[in-house]
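What follows is a single structure, written as structure tokens, with notes after it.
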Amino acid sequence: MSKKHSPPWTPSPAHGALLPPISGCTFNGFGEVAPRRPRQIFWLRKPGSHPFARLLEAVKQRFSSVAAYHEVYANADRGPHKLPEPATTRADDTAGNWTRRVKAFVLDNVAARPGGYPGAGSEAELVGIADICPDWVYEGFTSTLPHLVVVGNVMDHVRLSRVPSSADDPEGQLEVCDQYNRGARVVNWLAHWIRSQGYNAIPHAGPWVGSLNLLPAAIACGFGELGKHGSLINRRYGSSFRLAAVETDMPLIADAPDHFGADDFCLKCQVCTNGCPPDAIANDKQMVRGTVKWAVNFDRCIPYFNETFGCGICVAICPWSTPGRAPKLAERFSRRAAAKTAAS
């Protein structure tokens, strides 16, 4: 088990000079007992007058100053940049068949995708369907489409474990970048295909934040449970994956959430809490916008995140992320949860 950092890492004065008067935790709704929609806070393409605009621009410039990071986003294949208008005639099929076809498009061989998409093999390991909840829509945005196709792209654990990254050793964060690009390709091509069937489709691809909070959507469609480190834990891949999604009005059938005991595990586990250099991960859940849940301290996390080109320590050291371990943990804690339920 990793040992607690003492004293915690502290940010540079230069970082502090970029911060607004409002705390990031306050902006995120820490301590608020009344429910409300979330606010965009990081990775905005055009921050404009956002309270954290100066910080966001500085972070983007810092990433762009390293050739490897600039290259992986500036010149990477992220699928079609411009999508066609939906076909004027809608193809007819049942919701069940559309759901199967959408999932097959994401998970199966990609060689036959529209537009001459190159390559073969799957572009994603996880796919699920959720009915869009208004509470997932960020303040200032609207969503008129009813369904969300959520995609998960699994990271190479050996490469990811080379975090925290630096300008001289970028490999850990480049793995994150590559998986975001993979996710962008699949959701952009999926949106292209859905539009060719006559339905509307809007892709969402990281690291940029869109109009929807994808974390609760991924939980709703069965990707897993929220972990103490603020990322999802999947019963097969642990926390080592990234999200992308497509909003659509194509008739689809939503999947169910998957509870297998990760939350109970996190209540006692100390690995990410002790392994976080800026001490941003608490041992207890927080009240955030009317819900008690695991939440990472933004004000402590983001300075270190910025200084290390994305950090990623908590995801890399999470016991669930070690290849092959998640299924065994899920089986064990599922049995414990079932026994607890039976006893009550």
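The values are calculated or read from the model by the stated rules, or taken from the named source; none is laboratory data. None of these values were measured; they are calculated from a predicted model. Every residue, glycine among them, receives a Cβ derived from its backbone with ideal geometry; neighbour counts consider all protein chains shown.
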(request) Considering (1) without any contact (Cβ under 8 Å) to a residue 60 or more places away in the chain; (2) in contact with a strand residue (DSSP E or B) (Cβ under 9 Å, 6 or more places away or on another chain); (3) not in a strand (DSSP E or B), say which one residue 292 fails and leave the rest. (result) (3)
(message) What are the pairs with Cβ atoms under 7 angstrom where one residue, in segment 78-90, is more than 12 Å from residue 195 (Cα to Cα) and the other, located anywhere, is basic (Lys, Arg)? Sequence gap at least six, or different chains.
(response) 78/185; 79/185
(request) For segment 306-344, name all the residues that are under 30 Å from residue 15 (Cα atoms), assigned to a helix (DSSP H, G or I) and modelled with pLDDT of 95 or more. (result) 313, 314, 315, 316, 317
(request) Filter segment 92-102 down to the residues that are over 15 Å from residue 191 (Cβ atoms) and of a type in the set (D, E, K, R), then identify the one that is nearest to the chain's Cα centre (by Cα). (result) 100
(request) Scan segment 175-215 for residues that are of a type in the set (A, V, I, L, M, F, W, C), under 14 Å from the mean Cα position of the chain (by Cα) and not in a helix (DSSP H, G or I) and report the count. (result) 4
(request) Give the residue that is surrounded by the most Cβ atoms within 10 Å (Cβ to Cβ), with candidates limited to residues of segment 33-75 that are small (Gly, Ala, Ser) and in contact with a His (Cβ under 9 Å, 6 or more places away or on another chain). (result) 58
(request) Could you pull out the residue among 284, 263, 279 that is among the acidic types (Asp, Glu) and surrounded by fewer than 18 Cβ atoms within 10 Å (Cβ to Cβ)? (result) 284
(request) Select, from 246, 209, 176, 187, the only residue that is more than 18 Å from residue 130 (Cα to Cα), buried (at least 21 other Cβ atoms within 10 Å of the Cβ) and of a type in the set (Val, Ile, Thr). (result) 176
(message) For segment 320-344, which positions are in contact with a Phe, Trp or Tyr (Cβ under 9 Å, 6 or more places away or on another chain) and within 12 Å of residue 157 (Cα to Cα)?
(response) 320, 321, 323
(request) Please work out if residue 233 is touching a Leu at 6+ places or on another chain (Cβ under 9 Å) and not in a helix (DSSP H, G or I). (result) yes
(message) For a quick check of your reading of the model, give me the residue pairs whose first member lies in segment 167-193 and is hydrophobic (A, V, I, L, M, F, W, C), whose second is assigned to a helix (DSSP H, G or I) and crowded, with 23+ Cβ neighbours inside 10 Å, with beta-carbon atoms closer than 6 Å and at least 6 apart or on different chains.
(response) 186/106
(message) I'm checking my understanding of the structure. Among residues of segment 231-263 that are of a type in the set (Gly, Ala, Ser) and farther than 22 Å from residue 337 by Cβ, which one is modelled with the lowest pLDDT?
(response) 240
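Residue-by-condition table, conditions (1) more than 24 Å from residue 135 (Cα to Cα); (2) small (Gly, Ala, Ser):
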site: 26; (1), (2): no, no
site: 35; (1), (2): no, no
site: 41; (1), (2): no, no
site: 51; (1), (2): no, no
site: 56; (1), (2): yes, no
site: 69; (1), (2): yes, no
site: 73; (1), (2): yes, no
site: 76; (1), (2): yes, yes
(request) Look at segment 84-120 and say how many of its residues are at pLDDT 95 or above, touching a helix residue (DSSP H, G or I) at 6+ places or on another chain (Cβ under 6 Å) and surrounded by 16 or more Cβ atoms within 10 Å (Cβ to Cβ). (result) 1
(request) Count, please, the residues in segment 216-230 that happen to be assigned to a loop (DSSP other than H, G, I, E, B) and surrounded by fewer than 22 Cβ atoms within 10 Å (Cβ to Cβ). (result) 2
(request) Give the residues of segment 125-163 that are of a type in the set (Gly, Ala, Ser) and within 26 Å of residue 41 (Cβ to Cβ), sorted by residue number. (result) 128, 130, 140, 143, 152
(message) Six or more apart or on different chains, Cβ atoms under 7 Å: show the pairs whose first residue is in segment 14-27 and under 15 Å from residue 300 (Cβ atoms) and touching a residue at least 12 places away in the same chain (Cβ under 8 Å) and whose second is surrounded by 10 or more Cβ atoms within 10 Å (Cβ to Cβ) and acidic (Asp, Glu).
(response) 23/299; 24/299; 25/299
